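Only one structure is covered here, and it is reproduced in the block below.
The values are calculated or read from the model by the stated rules, or taken from the named source; none is laboratory data. Just so you know, these numbers come straight off a predicted model, no measurement behind them. A quick note on method: Cβ atoms are made from the backbone with ideal geometry, for glycine too, and the neighbour counts reach across all protein chains shown. For accessibility, only protein heavy atoms count, side chains too; no ligands or nucleic acids. Shrake-Rupley method; radii C 1.70, N 1.55, O 1.52, S 1.80 Å.
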Amino acid sequence: MSEQIRIPVQLKKMDQVKQHFDAEAKEFDEIIIRLVPYYTELVQTLVDGIALNKESRFAVLDLGCGTGTISRRIADLYPQATFTMLDIAPNMIEKAHQKMSNRPDTEYVVSDFTHYDFPSERFDLVVSSLALHHAETDADKIDLYRRIYQTLRRGGQFINFDIMLGPTDHLNRLYMDKWVTFMRESCSEEEIQNVWLKSYYEEDRPAPLAKHLKWLEEVGFEGVDVLVKYCLGAVYGGIKK
């Protein structure tokens, strides 16, 4: 497989999200550390949760790959893996391309994952990080899980790191308070209110973790579990038997 960047002609959905992440791409790796509590640890837990043989050749799909942090970690540990990296923001794809420059068997796709044409039984591992919560409705999220399941080969694995709603109003307030407290360590109050909370309420559509686990089981995943959770952030996934 030769290195390639494929850009579909139409990207009609989530234009605001695309513009947001295109603008942040150059500084994203620094920004995300300031915004997400235990980001490094949660990413590492996702990678630690991969159950595939390190010496075998397998195909990875990274949905909402951003600057390529997850795939870079996987590539360092799994020398035989090949990658398809998908993101809605071209500037993010360019940063991911730089991180993965030593892996020629990598395909880069600029696309809204809700419109991506998932190939049937093509991948052995699907990963995602802080992306799938942009799917607009619960029905969209369920459909996305169904298509992820279909694109996995038997024995394949899905692992996601994302933000969650709490199951109650009290927990939602607690999670938001802890998030804001964390951001205050490195962000001004004006930045928190007018940039990060504004984009959260305008762009993000998280759902409770319990719903995600239920949806995964309903579409056919087995061994569904939570690897780690801290307030808004959770790492979870399952296996296609």
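Number of residues in the stretch 119-139 that are of a type in the set (Gly, Ala, Ser) and surrounded by 21 or more Cβ atoms within 10 Å (Cβ to Cβ) equals 4.
The residue list GLU185, GLU189, GLU217 contains one member that is more than 28 Å from ILE31 (Cβ to Cβ) and modelled with pLDDT of 95 or more, which is GLU217. Checking ALA96, ALA81, ALA89, ALA131 one by one, the residue that is under 21 Å from TYR236 (Cα atoms) and among the small types (Gly, Ala, Ser) is ALA131 and no other.
Please determine, by comparing only the residues of the stretch 164-197 that are assigned to a helix (DSSP H, G or I), touching a residue at least 40 places away in the same chain (Cβ under 8 Å) and open to solvent by 40 Å² or more (accessible area, probe 1.4 Å), which one is nearest to HIS212 (Cα to Cα). Only one residue fits best here, namely LEU174. At pLDDT 95 or above, in a helix (DSSP H, G or I) and surrounded by 15 or more Cβ atoms within 10 Å (Cβ to Cβ): is that true of ILE159 in this structure? Against the criterion (at pLDDT 95 or above, in a helix (DSSP H, G or I) and surrounded by 15 or more Cβ atoms within 10 Å (Cβ to Cβ)), ILE159 does not qualify.
Restricting attention to the stretch 55-97, and to residues there that are open to solvent by less than 40 Å² (accessible area, probe 1.4 Å) and part of a helix (DSSP H, G or I), which single residue is nearest to SER129 (Cα to Cα)? Applying the filter and picking the extreme gives ILE70. Inspect the stretch 206-225 for any residue being buried (at least 17 other Cβ atoms within 10 Å of the Cβ) and on the phi > 0 side of the Ramachandran plot and give the result as yes or no. So far as the stretch 206-225 goes, no, none of its residues is buried (at least 17 other Cβ atoms within 10 Å of the Cβ) and on the phi > 0 side of the Ramachandran plot. When the stretch 103-118 is limited to residues that are open to solvent by 10 Å² or more (accessible area, probe 1.4 Å) and closer than 14 Å to ALA75 by Cβ, the one that is nearest to the chain's Cα centre (by Cα) turns out to be GLU107.
Inclusion of ILE142 among residues that are part of a helix (DSSP H, G or I) and under 20 Å from LEU63 (Cβ atoms) is warranted.
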